[in-house]
1. Calculate, for residue 140 and residue 80, the FRET efficiency according to 1/(1 + (r/R0)^6) with r their C-beta to C-beta distance and R0 25 Å; round to the nearest 0.05.
2. Go ahead and run the numbers for FRET between residue 66 and residue 35, Cβ-Cβ distance against an R0 of 25 Å, rounding to 0.05.
3. Multiplying the sequence separation of residue 4 and residue 125 by 0.36 nm and subtracting their Cα-Cα distance, what value in nm do you get?
4. At 7 Å along the Cα-to-beta-carbon direction for both residue 42 and residue 28, put a label point, then send me their distance in nm to one decimal.
5. Arranged from highest to lowest average of other beta-carbon atoms within 10 Å per residue, in what order do the peptides 18-29, 91-102 appear?
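A short reminder: the numbers here are calculations on the coordinates, not readings from a lab. Being a predicted model, the structure only gives us computed values, none of them experimental. In this analysis, Cβ positions are derived from the backbone assuming ideal geometry, glycine residues included, and neighbour counts consider all displayed protein chains.
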């Protein structure tokens with residue numbers, strides 16, 4: 001049974017993380033998958049605080065596998081993006097939220113992100129306009145969703 005988006009949002013909110021979580025049916029219009037992702041991301045702006053302004057990346061979205069998507073989700077939930085040594089959420093809680101989010105998509109899911117974590121930190125293309133931000137976009141045969149965290153210094 002799939003968990004509701006409200007259940008996942010409540011679990012993240014309980015930890016005080018500054019995040020964006022969206023899930024909705026796909027809107028299949030003409031264009032590429034990248035343009036569909038961009039339309040989805042840009043449509044989120046009306047529900048966000050003024051300092052967050054989502055914009056698409058076009059063909060600069062990085063496609064990643066499920067294991068990498070899961071790692072990114074856990075990392076952004078567990079640690080502050082500005083000060084990666086500061087723990088925001090315990091590992092078990094982050095893993096549980098990751099599992100709930102991933103379970104919302106079918107087996108045809110594809111994952112995308114805006115950058116990578118390296119030993120030197122986060123390297124990414126800005127999507128939300130925040131100083132520090134990254135996350136995962138998931139697209140399956142029927143739905144599109146996003147789990148994104150953003151922090152300021």
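1. On the way: r = 30 Å, r/R0 = 1.21.
Efficiency computed from Cβ-Cβ geometry: 0.25.
2. Numbers: r = 23 Å, r/R0 = 0.93.
E(calc), rounded to 0.05, equals 0.60.
3. Values: separation 121, 0.36 × 121 = 43.56 nm, distance 2.95 nm.
So the extension gain works out to 40.6 nm.
4. 2.2 nm
5. Numbers: 18-29: 15.2, 91-102: 18.0.
Answer by packing, highest mean first, reads 91-102, 18-29.
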